[in-house]
Amino acid sequence: MSLFQVILLTCVMTLMVNGHKSCSRNAGLMKSIQYQLKLVEDNNGKCDCTGRDSRRDSVTEPDKVAFMAKTISALINIPAKSTVVYDTVVTNIGNGYDKSTGIFTAPSNGIYIFSWTVLTHNHKYFVTYLALNGNVIIKNYTGANSVADHISSSQNAVIEIKKDDKVFVKVLEGNTGQYMIGNHYSSFSGYKL
């Protein structure tokens, strides 16, 4: 007989002896004991001392998705329609982001939020867009053509995507990505709601 079965048996016997005093309070106690025993059974006899419902966590934990990548080196004269590769990964929960290709592959269906930032030098530009399976979702213009200093721009998108959909940042057709400053200034990130 396991320790928890002994505890349960002791509680049940106590309830039987004192049951006539407060049935409703004892019924709640009994439900609580049954729930705790079920948690122990679900964890192969191990106590879950965190106070969390392990059945709920086992369902939600694998479904968490978040990534953030940045560039350390500058990207110079990137051809039109090229994928912008943010090659330094900071976070990659769910392993959806591939730093070698710059492509995020959704590990599950859901609503996702994406954001990217580009910093460019004065008299340069770097025009990009967020693509879902190659299709334009939203554009981001970073142009410092007549600006004496650097300029930064960011864009956000909230989109519903399916498992294995591909999301990435591309240089806009008809443009060359003249100069994107690295050094931790430019980034691409996303997460599932």
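Computed from the coordinates by the stated procedures, all read-outs in this text should not be read as laboratory data. Because the structure is predicted, anything quoted here is derived from the model rather than measured. Virtual Cβ from ideal backbone geometry, glycine too; neighbours counted across all protein chains shown.
Some notes on this structure:
- Under 5 Å from the amide H of GLY182 lie the amide H atoms of ALA74, LEU75, each residue being 5 or more positions distant or on a separate chain, with H modelled from the backbone and absent for Pro and chain starts.
- As a proxy for reagent exposure, HIS121, HIS150 were ordered by neighbouring Cβ count within 10 angstrom, fewest first; the result is HIS150, HIS121.
- Taking amide hydrogens as placed 1.01 Å from N in the peptide plane, the amide H of THR142 sits under 5 Å from those of PHE126, VAL127, THR128, each at least 5 positions away in sequence or on another chain.
- J(HN,Hα) series, region 118-133, from Karplus relation 6.51 cos²θ - 1.76 cosθ + 1.60, nearest Hz, glycine and proline x: 10, 10, 10, 6, 4, 6, 10, 9, 7, 9, 10, 8, 8, 10, 10, 6
- Based on the convex hull around the alpha carbon atoms, region 52-193 presents an average projected area of 8.7 nm².
- Charge dipole of region 64-192 about the Cα centre (unit charges at C-beta), most positive-ward option of THR142, ILE181, SER115: SER115
- Cα-Cα over 20 Å, subset of LYS99/LYS170; LYS81/LYS162; LYS70/LYS170: LYS81/LYS162
- Here's how it looks for GLY177: its modeled amide H is under 5 Å from those of ILE78, ALA80, which are all 5 or more places away or on a different chain.
- Restricting region 89-193 to chymotrypsin sites (Phe, Trp or Tyr not before Pro) in coil, as DSSP defines it, with at most 15 other Cβ within 10 Å: TYR141
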